[in-house]
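Okay, so here's the structure we're looking at.
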Amino acid sequence: MLEQLNEKDFGTPRRISEQEVTLEIDGMQVTVAAGTSIMRAAAEGGVNVPKLCATDSLEPFGSCRLCLVEIEGRRGYPASCTTPAEHGMKVRTQTPKLQALRKGVMELYISDHPLDCLTCAANGNCELQDMAGVTGLREVRYGYDGENHLDSKKDESNPYFTYDPSKCIVCNRCVRACEETQGTFALTISGRGFESRVSPGQDQPFMDSECVSCGACVQVCPTATLQEKTVIALGQAEHSVVTTCAYCGVGCSFKAEMKGNEVVRMVPDKNGQANEGHSCVKGRFAWGYATHQDRILKPMIRGKITDPWKEVSWDEALDYAASEFKRIQKKYGRDSVGGIVSSRCTNEEGYLVQKLVRTAFGNNNVDTCARVCHSPTGYGLKQTLGESAGTQTFKSVEHSDVILVIGANPTDAHPVFASRMKKRLREGAKLIVIDPRHIDLVRSPHVEADFHLPLKPGTNVAMLSALAHVIVTEGLLATEFIAQRCEDKAFQQWRDFVALPENSPEAMQEITGVFAELVRGAARLYATGGNAAIYYGLGVTEHAQGSTAVMGIANLAMATGNIGREGVGVNPLRGQNNVQGSCDIGSFPHELPGYRHVSDSPTRHLFEQAWGVEIQPEPGLRIPNMFDAALDGSFMGLYCQGEDIVQSDPNTQHVTAALSAMECIVVQDIFLNETAMYAHVFLPGSSFLEKDGTFTNAERRISRVRKVMPPKAVYADWEVTVQLAQRLGYQMDYAHPSEIMDEMARLMPTFHGVSYEKLDQLGSIQWPCNDAAPLGTPIMHVDEFVRGKGKFIITKYVATDEKVTGKYPLILTTGRILSQYNVGAQTRRTENVQWHEQDLLEIHPHDAEERGIKHGGWVGIQSRSGETVLRAKVSERMQPGVVYTTFHFPESGANVITTENSDWATNCPEYKVTAVQVMPVTEPSEWQKKYTRFSKVQHELLGKAGQSPDHKTMDNKTPENKSTGKTKSVA
Ligand code: SF4
Ligand code: SF4
Ligand code: SF4
Ligand code: FES
């Protein structure tokens, strides 16, 4: 679907009003919503008033004076961008006087602008150039003899864009974009009058300022002052294709601007319903991994993991994989093989992998990486509300009066949604943050949490019960809502339970570590502050009581009637791009597509008829069960598509022992990831730019992924799965991913109305989409819950088994950082490493001092599972007793430390609570030494296959190689 490169810019934002005004512009009658600017009214009527400082993503500023108009009966020449349209107005946009005034303005701009249009990167896409043309500027009388900025120094510090002050027209768009759209407030206009210039921070280079490289300023800059380096290198694009970001669960829509098969830049799509034209550093700039030299483009096989890889044809690789799976099943039985679906792949790809397992393998041994992140969301929300998904649109936050963020760090992990949330907070919504760390949201420019409850890791359920206790005992329940919408008996039992004194904030204070008065204040605010919405993340789910906490959150929303309309709801912020989708399409071992249990006979028969095979009625193995079974000798073959279980799953040494025990591991990925080092067959994967499909974001929004270039390794991932199934004796026959979606739509009631055609028409669709909701469902549970009546569930706090002791006195909790993504396989291969080139251990100054740990020094971290070494970042963001790290680099071994403890209902690992000791060290841990040796050998074995060795992943930052460890985050 080719798009226009430059969309029409209406100059000022759209206004929404029930009132309309009709005015006359250049003799034409135009009717617009009240509050619309004259500029926008004219644009809607087809008249483009010249402009420079205005753009329709920002509030008008009125500084350039190019958009002057004449209004009958008014003196002077008002700016059309800042003047609202009024009923009966008569406006003229083109008169000789206006023409002369505009020419004068342009003459002044151009007299201080380098006239290097022919060699400028923005040539052909520059608004200043356009305006010179529109205003008929033919000569500049002032020359360059006077003062000018032409010798100003270019700032090239940001890896992705440059700032060339000599081209700046001080229109202020960038400053406003950083404030209004992004909410970072990194830019100002420093100096006055002629001296005024855009300045990041305190006249610093961009990289030293607060800038988070979201690209919003670059996008709105009308000149080449702020310009993408790729455009400077490659020139302007020639066509664009709308697609979806392959990083986080926000699911931002982008225009891939292309020259032939080469991406010139990714520009956030103004019409994208998840992001409305905004982006973060990952989606906007960090896409270079897709063409990185580390990509493995030829299939490879080997008998043992100590053998060199052998490059083979696709036929040979697929034949070998199929014969190995058949051999293993013959020897060890039908259930000895299985598959893993990735939340990084498309819905269609995931659907095919689970279908292959249930048909060609003939068992239900399929699981997804959502197991290790949001499986408790699926379970908890299904039990209470009846559907395993969030309830709102992102846009709904614009109607929230109170926002409760628990166990999520949106400014790092879901940045585009965070910007939207911060905008609402700047407008006056109240904020409650429940998090052990002092995350950015607690205090950032123009945003301050009304309540920060810095609870101890592992005590979410205690905190949720304490909040509920206040709501119940202080008479803050939404009694009418509960009576109408919820199961009465379950409610009464829950109410009586939370009202028990043991659940009071005072009683829970010792457990959570949070003052009771703070909890009481937060509960009152949530219950009485108007529309209250809860946003939560992995800080809720990745616990021994992850599912319990999700149910506790749903209880709070029902108890206060905060569900079923705009501005409220229960909103899981999904980690990877397609976590929601990978769950929807049946990749759990107990559920067929559409969250229907395999033991349900009618559902099974539906799929049996469609797929022509018998489906096992028993759930298959979950990922951790697969590992245990491998070590028991009963699970011997794995098809792992797009997932890096060695780096992302807990207790690495257990995972690698299990993989080493298997006889055939088939990894399908774009890089030789950590799991591939244990593989016997490597099938080259395709990046999101090389295939068609769909992703489903955290709002249940299904968006198209569109192929912008041919697959570098010949096949898209879905085609490989089809061929593997065929070789296993199961016929799959699809000409295009749209046919896979058509099959899903036939078999999944919530997808009945979804098709590629409709996605093209509507842009995106939030499921359920069927006869009852042909255009999709933005808000769920509006009149009744999906399960009929909402069900309160008692959520008793049970302390985790992972206790701090004299030997392991600190709690380690883990999370993400803005510039890196999950296991880092993609972002580590981009310039994003300039922000974060290694994982660090954050530690409170008291804990550091007690142990003689210095900021930037090496520390050993030891848990019951293992030991690793990282550099220390001494930080007041931590509370004493709690340390924190990210897990983006394999050599960090963050998951060597984490344990096998997991959520009671879903086995989601308890990543967020590990008892550890930390101490200064001078050498890497034994695991790290072993890892370095193993990784080196594996890359040598890869080199023998003629493939490019993956040097980046070998770039070990342990003490062994004496890296300086200087990163922006440590400094
Ligand atoms: S950098 Fe660009 S957007 Fe910012 S003031 Fe200068 S010309 Fe305007
Ligand atoms: S890139 Fe984003 S954060 Fe940085 S200055 Fe521009 S708008 Fe602000
Ligand atoms: S917020 Fe998420 S989906 Fe949007 S651009 Fe960033 S990484 Fe991509
Ligand atoms: S566009 Fe209206 S003053 Fe600049």
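Bear in mind these aren't lab numbers, they're just calculated from the coordinates by the rules spelled out. Just so we're clear, the structure is a prediction, and the values are computed from it rather than from any experiment. Positions of Cβ are backbone-derived with ideal geometry, glycine not excepted, and every protein chain shown enters the neighbour counts.
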- Task: Output the residues belonging to the stretch 810-865 that are among the hydroxyl-bearing types (Ser, Thr, Tyr) and within 26 Å of Glu910 (Cα to Cα).
- Result: Thr813, Thr814, Ser819, Tyr821, Thr827, Ser863, Ser865
- Message: Of all residues being out of contact with any helix residue (DSSP H, G or I) (no Cβ under 7 Å at 6 or more places or on another chain) and of a type in the set (Gly, Ala, Ser) in the stretch 364-404, which is nearest to Tyr911 (Cα to Cα)? Just the residue, please.
- Response: Ser375
- Note on the structure: Okay, helices (runs of 4 or more DSSP H) sitting entirely in the stretch 499-583 with 2 or more residues that are in contact with an Asp or Glu (Cβ under 6 Å, 6 or more places away or on another chain), I get 546-559
- Only one of these is touching a residue at least 40 places away in the same chain (Cβ under 8 Å) and either within 25 Å of Trp835 (Cβ to Cβ) or within 16 Å of ligand 3 (Cβ to nearest atom) (or both): Asp294, Asp335, Asp307. Name it. Asp294
- Task: Could you list all residues from the stretch 69-82 that are surrounded by fewer than 20 Cβ atoms within 10 Å (Cβ to Cβ) and within 20 Å of Ile16 (Cβ to Cβ)?
- Result: Thr82
- Task: Go over the candidates Glu876, Glu842 one by one and state the one that is of a type outside the set (A, V, I, L, M, F, W, C), under 31 Å from the mean Cα position of the chain (by Cα) and surrounded by fewer than 20 Cβ atoms within 10 Å (Cβ to Cβ).
- Result: Glu876
- Message: Checking the structure you have, find out if any residue of the stretch 365-378 is of a type in the set (Asp, Glu) and assigned to a helix (DSSP H, G or I).
- Response: no
- Task: With the condition kept exactly as written, say whether any residue in the stretch 262-284 is in a loop (DSSP other than H, G, I, E, B), within 16 Å of ligand 2 (Cβ to nearest atom) and either within 30 Å of Leu621 (Cβ to Cβ) or among the small types (Gly, Ala, Ser) (or both).
- Result: yes
- the stretch 463-491 residues that are without any contact (Cβ under 8 Å) to a residue 60 or more places away in the chain and within 21 Å of Val798 (Cβ to Cβ), paired with ones that are among the hydroxyl-bearing types (Ser, Thr, Tyr) and surrounded by 20 or more Cβ atoms within 10 Å (Cβ to Cβ) (beta carbon under 6 Å, 6 or more apart): Met463/Thr512
- In the stretch 166-180, is there at least one residue being among the polar types (S, T, N, Q), in a loop (DSSP other than H, G, I, E, B) and more than 20 Å from Asp56 (Cα to Cα)? no
- Item | Single match in Ser17, Ser57, Ser37 (criterion: surrounded by fewer than 24 Cβ atoms within 10 Å (Cβ to Cβ) and either within 14 Å of ligand 4 (Cβ to nearest atom) or among the aromatic types (Phe, Trp, Tyr) (or both)) | Ser57
- Message: If Val218 satisfies all but one of (1) within 13 Å of ligand 2 (Cβ to nearest atom); (2) buried (at least 24 other Cβ atoms within 10 Å of the Cβ); (3) of a type in the set (Val, Ile, Thr); (4) part of a loop (DSSP other than H, G, I, E, B), what's the number of the condition it fails?
- Response: (4)
- Message: Just to be sure I understand, how many residues within the stretch 217-260 are under 17 Å from the mean Cα position of the chain (by Cα) and small (Gly, Ala, Ser)?
- Response: 4
- Message: Being within 16 Å of ligand 3 (Cβ to nearest atom) and either buried (at least 24 other Cβ atoms within 10 Å of the Cβ) or touching a residue at least 40 places away in the same chain (Cβ under 8 Å) (or both) is true for just one of Ser419, Ser388. Which residue is that?
- Response: Ser419
- The condition of being closer than 30 Å to Gly693 by Cβ and either among the hydroxyl-bearing types (Ser, Thr, Tyr) or buried (at least 24 other Cβ atoms within 10 Å of the Cβ) (or both) holds, among Val550, Val519, only for Val550
- Of the residues Thr750, Thr795, which is assigned to a helix (DSSP H, G or I) and within 30 Å of Cys486 (Cα to Cα)? Thr750
- Note on the structure: Checked pairs for the stretch 224-253, first at positive phi and assigned to a loop (DSSP other than H, G, I, E, B), second within 16 Å of ligand 1 (Cβ to nearest atom) and of a type in the set (Gly, Ala, Ser), C-beta under 8 Å and 6 or more apart or across chains, list as Gly235/Ala121
- Message: Cβ contacts < 9 Å: first residue more than 16 Å from ligand 3 (Cβ to nearest atom), restricted to the stretch 805-822; second residue of a type in the set (Ser, Thr, Tyr) and in a loop (DSSP other than H, G, I, E, B), any location; separation 6+ or different chain. Result?
- Response: Tyr808/Ser863; Leu812/Ser863; Leu812/Thr898; Thr813/Tyr911; Thr814/Thr898; Thr814/Tyr911
- Would you check which residues across the stretch 173-197 are within 16 Å of ligand 4 (Cβ to nearest atom) and crowded, with 21+ Cβ neighbours inside 10 Å and list them? Arg173, Cys174, Val175, Arg176, Ala177
